[in-house]
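To start, the structure itself, in structure tokens.
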Amino acid sequence: MVKRLSATLLAFFCFAAVGVAAEYKFAVLDVQRAIGDSEEAKSLAAQVEQDLKEDQDALQKLAEDIQAVQERLQNDAEILGDAEKRSLQKDIEDKQLDYEFGVNKFRKELQDRQQEIFRQMGPKLDAVLTDLIEIEGYDVVLPRAGLLYVNSKHDVTRKVTEKLNEKQ
């Protein structure tokens, strides 16, 4: 990120030093927001959420089971024998391991599916951006992520999202 910011600033200052910065038309784009706010990406994300709902519910149930066993161990500590306490503690540990594994697996699947949405939307974004560059005459389009401040008049994220919605 620092390298990207440094390269962006270096390019800008090179243009400014030569005195030609005013001749260039700049735009800034938040790619993740442009894609994420598009209707198609929202629809795909809703499908991912629906697909993963069963896994998410299973994790929630496991978390509730862990909580129930912990409460039983705590509430019944005085009447439970040592062997029962050890058994409940082992049950908690086993369930926690299953839960951690499940959460990691769920996160990985969610991340993979989100990346797939961005890969799927990439060519559409490229086409929209190419059209916008041609229509608006931009010389430079910078990623929003690498910039500390951008005047909103240079941010084309909303325009890109609107054009993505038109291309569905």
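The values are calculated or read from the model by the stated rules, or taken from the named source; none is laboratory data. Note that this is a predicted model, so its numbers are computed, not measured. All Cβ positions, glycine included, derive from the backbone under ideal geometry; neighbour counts span all protein chains shown.
Side notes on the structure shown:
- Looking at Tyr99, Tyr149, just one residue is among the hydroxyl-bearing types (Ser, Thr, Tyr) and part of a helix (DSSP H, G or I), and that residue is Tyr99.
- Which listed residue, of Glu54, Glu39, is modelled with pLDDT of 95 or more and under 30 Å from Gly146 (Cβ atoms): Glu39
Residues are listed down the side, and each one gets a yes or a no for (1) touching a strand residue (DSSP E or B) at 6+ places or on another chain (Cβ under 9 Å); (2) hydroxyl-bearing (Ser, Thr, Tyr); (3) at negative phi:
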residue	(1), (2), (3)
Asp91	no, no, yes
Asp98	no, no, yes
Phe106	no, no, yes
Leu110	no, no, yes
Ile117	no, no, yes
Leu132	yes, no, yes
Ala145	no, no, yes
Val150	yes, no, yes
Thr157	yes, yes, yes
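- Selection of the stretch 81-105 for residues being of a type in the set (Asp, Glu), within 32 Å of the chain's Cα centre (by Cα) and either under 17 Å from Asp55 (Cβ atoms) or at pLDDT below 95 (or both) yields Asp98, Glu100.
- Looking only at the stretch 106-130, residues that are exposed (fewer than 14 other Cβ atoms within 10 Å of the Cβ) and over 20 Å from the mean Cα position of the chain (by Cα) come to 2 in all.
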